[in-house]
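These notes concern the structure reproduced below.
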Amino acid sequence: MSENKNNPVNEEVEELSEEKLNEQRLIRRQKLQDLRDAGRDPYIIETWDQDAYSEDIKADFDNMDGKEVTVAGRMMACRIMGKASFIDIQDRKGRIQCYVRRDEIGEEDYKWFKKYDIGDILGIVGTVFKTNQGEISVRATKLVLLSKSLQILPNKWTGLKDTDIRYRQRYVDLIVNPEVKDVFIKKAAILKEVRRTLEDDYDFLQVDTPILNTIAGGAAARPFITHHNTLDIDMYLRIATELYLKRLVVGGLDRVYEMGPVFRNEGMDNRHNPEFTSMECYQAFGNLESMMRVTEAIISNCAKKINGSMTLEYQGKSFDLTPPWRCLDMTDGVKEITGVDFRQIETDEEAQKACLEYGMDPETVGSKTRGKLISEMFETYCEEAPGYLDGPVFVTGHPVDISPLAKKDPSDRRITRRFEAYINGWELGNAFSELNDPIDQYERFVEQQHELDTGEDEEAHPMDMDFVNALEVGLPPTGGLGIGIDRMIMLITNQSTIRDVLLFPTMKPLD
């Protein structure tokens, strides 16, 4: 508060013990009962005709000075000084000070107002003015309690610091930590810019595909399983939207995209949450290079929209997002970091020997194929090499063994026309020149299903005969792209964990 700071009243200054908190909660409930007994139940109020917001009033003070406004918000601070008081109310755009006088709002209303608590939601009618100390404020002529807060908010000095509580009680986190609210406002703007880029710049059509699937396809991931009672069948929460979107391209919707939640029953860390937002788009008559251009545009446009620059600043690092981004072949990367040259290795046995000689864990090597070991070497050594994949960079040349939905490279049938986009060492995007040969697709599914059935790979892709049938109808040459939206938002908003860009991240239930 800017007025009368030496007279704090009705503010939680010290940490309260649990016993004291319970006492305070009981007091608030009694205040509510007193209000109800007096015919002032705040919960019966349905609406409030708010016509002005804190930051708008401040930004346009020259035009707003002396005008009557109707504002509303949560009371975050209060200093009562006998016949007059100063309060701060917080609305969706920020905070503004309000000056409340007994002779302006009436003796009865002022009597009740003095019993209101931090956290209560108020509606105020008043005129805009500037105090002697120069703070833009609202002089209240009417004040109404719109909702009673029965809980005690963390005080403004210590705030809400416990991250576990912040994620579990995001509603409190948003109230007391304005910077958190700002992240999610930026997130909404980023999602809007993704859609604008796809629709306005590239003419994609937004569509919806099922979340409940009978086959968990479109990615290498473990699914969540649920049960449909009426049909008496197990179903899967989708792990990707790819196969349905490509069906739509078969049907003549040449450019489609979907942005929404996908679910993977996997580990959790600072970049992984079981439920996350993915954007996938598919462009008929496009290819790998087409998807590179779309990827560059989406990420650079979003960064420029939020931060005003193609230079991305993240945790002390800088990344120039200006297109075009460089490309790195996966096999070349492995040779550069480890010295192992898979271009000189032809058989699976030779690949296994080379990996063991380099020092890779024998259990990791196992009986894996040459292609899978290239991927293992890249993930184990290149992804972990400090700064090597800071990027932005497109990693290309993925082996067929790990890319069951990508078109083979005509120059080397052992690899595919695929890329993964990296920034800060994080994989942000995955794209293909899509496999549209139904015979090849069927054969790859057969091999993947075998690995799934034998337990060789729990994340192998299951057989999907309806998708094969769709390819037999005819999929045009197509470029496809998937972007992990949450990781992109982490980078653009400079957040260190995915939980800070998810309003309600997955949490283990409290005992």
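If you go through region 46-57 and pick out every residue that is open to solvent by 20 Å² or more (accessible area, probe 1.4 Å) and either touching a Phe, Trp or Tyr at 6+ places or on another chain (Cβ under 7 Å) or hydrophobic (A, V, I, L, M, F, W, C) (or both), you end up with 1. For region 197-213, the set of residues classified as exposed (fewer than 14 other Cβ atoms within 10 Å of the Cβ), in a helix (DSSP H, G or I) and touching a residue at least 12 places away in the same chain (Cβ under 8 Å) consists of ASP201 only. Taken over region 136-151, the residue count meeting the criterion of being in contact (Cβ under 8 Å) with a residue 60 or more places away in the chain, open to solvent by less than 20 Å² (accessible area, probe 1.4 Å) and within 16 Å of ASP62 (Cα to Cα) is 1. Filter region 131-187 down to residues that are basic (Lys, Arg) and part of a helix (DSSP H, G or I) and give me whichever is nearest to CYS98 (Cα to Cα). Per the stated criteria, the residue is LYS181. Residue count for region 450-467 satisfying the condition of being closer than 16 Å to ILE402 by Cβ, hydrophobic (A, V, I, L, M, F, W, C), part of a loop (DSSP other than H, G, I, E, B) and open to solvent by 20 Å² or more (accessible area, probe 1.4 Å): 0.
The set of residues in region 315-364 being open to solvent by 60 Å² or more (accessible area, probe 1.4 Å) and part of a strand (DSSP E or B) consists of LYS317, SER318, ASP320, ARG326, CYS327.
All told, SER309 meets the bar of being within 35 Å of the chain's Cα centre (by Cα) and surrounded by fewer than 19 Cβ atoms within 10 Å (Cβ to Cβ).
A quick yes/no check of all residues on (1) within 16 Å of THR127 (Cα to Cα); (2) open to solvent by 50 Å² or more (accessible area, probe 1.4 Å); (3) without any contact (Cβ under 8 Å) to a residue 24 or more places away in the chain:
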position	(1), (2), (3)
ARG36	no, yes, yes
GLY39	no, yes, yes
ILE44	no, yes, yes
ALA59	yes, yes, yes
VAL71	yes, no, no
ARG74	no, yes, no
ARG79	no, no, no
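Identify, by number, the condition in (1) of a type in the set (S, T, N, Q); (2) under 22 Å from GLN151 (Cβ atoms); (3) over 39 Å from the mean Cα position of the chain (by Cα) that GLN90 doesn't meet. Of everything listed in (1) of a type in the set (S, T, N, Q); (2) under 22 Å from GLN151 (Cβ atoms); (3) over 39 Å from the mean Cα position of the chain (by Cα), GLN90 misses just condition (3). Summed over region 235-250, the residues that are out of contact with any Ser or Thr (no Cβ under 6 Å at 6 or more places or on another chain) and either under 22 Å from GLU275 (Cβ atoms) or open to solvent by 70 Å² or more (accessible area, probe 1.4 Å) (or both) give a count of 8.
All conditions in (1) open to solvent by 60 Å² or more (accessible area, probe 1.4 Å); (2) in a strand (DSSP E or B) hold for ILE87, with the sole exception of (1). Screening ASP232 on (1) at pLDDT below 95; (2) open to solvent by 30 Å² or more (accessible area, probe 1.4 Å); (3) at positive phi shows it passes everything except condition (1).
Figure legend. Inter-residue proximity from region 110-135: first residues surrounded by fewer than 15 Cβ atoms within 10 Å (Cβ to Cβ), second residues at pLDDT 95 or above and assigned to a loop (DSSP other than H, G, I, E, B), beta-carbon distance below 8 Å, spacing 6+ or different chains. Indicated pairs: LYS130/ASP65. For region 407-448, a residue qualifies if it is charged (D, E, K, R) and assigned to a strand (DSSP E or B), and the qualifying residues are LYS408, ASP409, ASP412, ARG413, ARG414, ARG418, GLU420, GLU427, GLU434. Restricting attention to region 47-74, the residues that are part of a loop (DSSP other than H, G, I, E, B) and within 21 Å of PHE113 (Cβ to Cβ) add up to 5. Taking region 321-340 on its own, how many of its residues are without any contact (Cβ under 8 Å) to a residue 24 or more places away in the chain and closer than 26 Å to LYS192 by Cβ? Here the count works out to 1. If the condition is being free of Cβ contacts under 8 Å to residues at least 12 places away in the same chain and touching a strand residue (DSSP E or B) at 6+ places or on another chain (Cβ under 7 Å), then region 226-269 contributes HIS227, ASP234.
The values are calculated or read from the model by the stated rules, or taken from the named source; none is laboratory data. Please read these numbers as outputs of a predicted model, since none were measured by experiment. Methodologically, a virtual Cβ is constructed for each residue, glycine included, from the backbone with ideal geometry; neighbour enumeration extends over all protein chains shown. Please note that ligands, DNA and RNA were not included when accessible areas were found on the heavy atoms of the full protein model with its side chains. Shrake-Rupley method; radii C 1.70, N 1.55, O 1.52, S 1.80 Å.
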